[in-house]
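Read through the structure below, which is laid out as structure tokens, and then see the notes.
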Amino acid sequence: MVARDISVGASPSVASWHLRHLAQFGLVEDADSPDGDARRRWWKAASTGISVSLPDTAEGKAAARQLTRHMHAQAIGDVQRWEVESEPRLDDRRRKAVASGNTEVHLTVGELRRMERDINALLAAYTSREEPPRGTRPVRIVRFLLPDPGDES
């Protein structure tokens, strides 16, 4: 796992309190210090991704729609920030590797679910490795699976 020292704009005591709280719910766990400095505590995510289960009620469905909209807006914001902050700083080799797509396919609900599982399985080979190879850089993969309601609406 690549260690990154990230500033979140909080005091060490506030950050530590929040991280310990996240650890109680199994979201983060202790990590080895990359430099052997025992004066600093390192953390790592306990897993990748997130799964939310909401009740099948009107309130649960409304909450799911609100959460989905928020997550979409966050992802779109990530892309917009990347275009302004990161893309101009890419070297030519990485700039040529930038890719995007907008593909329409016709799928059953089962195929749509299988596609999401297959994409997650493909990504797992990269997100779960302990030590990424030398020369790697973070790559943001943004995807939306947006079924058309068709005659159901």
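Which shape class, rounded, prolate or oblate, goes with the stretch 76-153 when its Cα gyration tensor gives a ≥ b ≥ c as root eigenvalues, a/c under 1.5 marks rounded, and past that a/b bigger than b/c marks prolate? Here the stretch 76-153 falls in the oblate category.
Once the dipole of the chain is set up with Lys and Arg at +1 and Asp and Glu at -1 on Cβ about the Cα centre, which of V142, Q66, A23 lies farthest towards its positive end? Checking the options against the dipole of the chain, the answer is A23. The length gained by stretching the chain between L19 and I76 to full extension, at 0.36 nm per residue less their Cα-Cα distance, is 17.8 nm.
Would you mind telling me the share, in percent, of accessible area of the stretch 1-94 contributed by carbon and sulfur at probe 1.4 angstrom? Walk me through the intermediate numbers first.
Values: 4250 of 7900 Å².
Whole-percent figure for carbon plus sulfur exposure: 54.
Close amide H pairs (under 5 Å, H built 1.01 Å from N) link W42 with A31, residues at least 5 positions away or on another chain. Under the membrane-span-like helix rule (DSSP H runs whose alpha carbons stretch at least 24 Å along the helix axis, mean Kyte-Doolittle hydropathy -1.0 or higher), the chain yields 58-81, 109-127. Using only side-chain charges placed at the Cβ, +1 for Lys and Arg and -1 for Asp and Glu, the dipole size of the chain relative to its Cα centre rounds to 480 debye. The distance between label points at Q66 and L112 comes to 2.3 nm (points 7 Å beyond Cα on the Cα→Cβ vector). Over all projection directions, the Cα-based convex hull of the stretch 1-129 averages an area of 12.2 nm². Short-range pairs are left out: with C-alpha atoms under 8 Å and at least six residues apart, the relative contact order of the chain is 22 percent. A simple spin-label model places the labels of V84 and D56 4.3 nm from each other, with each point 7 Å out along Cα-to-Cβ.
The values are calculated or read from the model by the stated rules, or taken from the named source; none is laboratory data. All figures in this text were calculated on a predicted structure; none of them were measured in a lab. Note that we place each Cβ from the backbone using ideal geometry, even for glycine, and neighbour counts take in every protein chain shown. Remember, those area values only see protein heavy atoms, side chains included, never the ligands or the DNA or RNA. Shrake-Rupley method; radii C 1.70, N 1.55, O 1.52, S 1.80 Å.
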